[in-house]
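A.B. asks: Sharing a structure below in C-alpha cells format, with a few things to ask.
The values are calculated or read from the model by the stated rules, or taken from the named source; none is laboratory data. Please read these numbers as outputs of a predicted model, since none were measured by experiment. Reconstructed Cβ throughout: ideal geometry from the backbone, glycine too, with neighbour counts over all protein chains shown. In case anyone asks, the SASA skips ligands and DNA or RNA and just uses the protein heavy atoms, side chains included. Shrake-Rupley method; radii C 1.70, N 1.55, O 1.52, S 1.80 Å.
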Amino acid sequence: MQVLGMGLAMLLPGLGLAGGALAYRWHVSSEADRLRSDGVPVTANVSDRAGGSGRGSGIDRIEVSYLYESKQYSTWIPCAGGTGCRKTPGPKMAVWVDPAAPEKFVAENGHTNGSLSFLMSWTAIPGGLVFAAVGTVMLVIVIRSKDDEWVRR
C-alpha cells in the first residue's frame with residue numbers, strides 16, 4: 001500500500017508539472033504573438049543585468065523599465081535565448097505593451113513579463129515526465145503483485 005501511495009504521489013505531480021509547464025509555455029507564446037500585433041509600441045530602458053556569468057549564477061536577465069500613460073513599469077526578463085547574452089543589450093529596447101494591462105508586454109527579444117517563471121525552465125517538462133514515469137513503474141509493480149497474488153489463490 002505504501003508503494004501505491006508513493007507511485008501516485010510521483011505520477012500525479014509529475015504529470016501536473018509537465019502539463020503545467022507545457023501549457024504555460026503555450027500561454028506565454030500566444031501572449032507574445034497577441035502583444036506583437038495588438039500591443040502599443042513603447043521604448044524601454046535596459047537598466048541592469050544579472051546572472052549568467054557562470055554555473056549556478058541563474059538565468060542571464062536584464063531589467064527593463066518603461067513609461068506608459070504617465071506610469072512607470074519595471075521588471076526583469078531573460079536577456080536572450082537559452083544561452084544568454086554575449087553583451088548587455090540596449091540602453092534602449094522596443095516593447096509592445098498591453099493597453100488593458102500595461103504591466104504585460106513583449107520585448108523585441110521575444111520575451112514577455114512572464115518569461116522568468118520556473119515553468120519556463122527547460123528542465124520542467126522532462127523533470128515532470130521522469131517523475132510521472134517513476135510513479136507509473138511503481139503503480140505497475142503494485143498491480144502486477146496484486147495479479148500474482150490473485151493467480152496463486
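A.B. asks: Filter the range 25-44 down to residues that are open to solvent by less than 90 Å² (accessible area, probe 1.4 Å), part of a helix (DSSP H, G or I) and more than 21 Å from ALA124 (Cβ to Cβ), then give me how many there are.
C.D. replies: Of the residues in the range 25-44, 4 are open to solvent by less than 90 Å² (accessible area, probe 1.4 Å), part of a helix (DSSP H, G or I) and more than 21 Å from ALA124 (Cβ to Cβ).
A.B. asks: Of all residues being open to solvent by 80 Å² or more (accessible area, probe 1.4 Å), at pLDDT below 90 and not polar (S, T, N, Q) in the range 1-24, which is nearest to the chain's Cα centre (by Cα)? Just the residue, please.
C.D. replies: Within the range 1-24, the match that is nearest to the chain's Cα centre (by Cα) is MET6.
Matching residues to (1) part of a helix (DSSP H, G or I); (2) open to solvent by 30 Å² or more (accessible area, probe 1.4 Å); (3) modelled with pLDDT under 85; (4) not polar (S, T, N, Q):
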| position | (1), (2), (3), (4) |
| --- | --- |
| ASP48 | no, yes, yes, yes |
| GLY56 | no, yes, yes, yes |
| CYS85 | no, no, yes, yes |
| TRP96 | no, yes, no, yes |
| ALA101 | no, no, no, yes |
| SER115 | no, no, yes, no |
| ILE125 | yes, yes, no, yes |
| ILE143 | yes, yes, yes, yes |
| TRP150 | yes, yes, yes, yes |
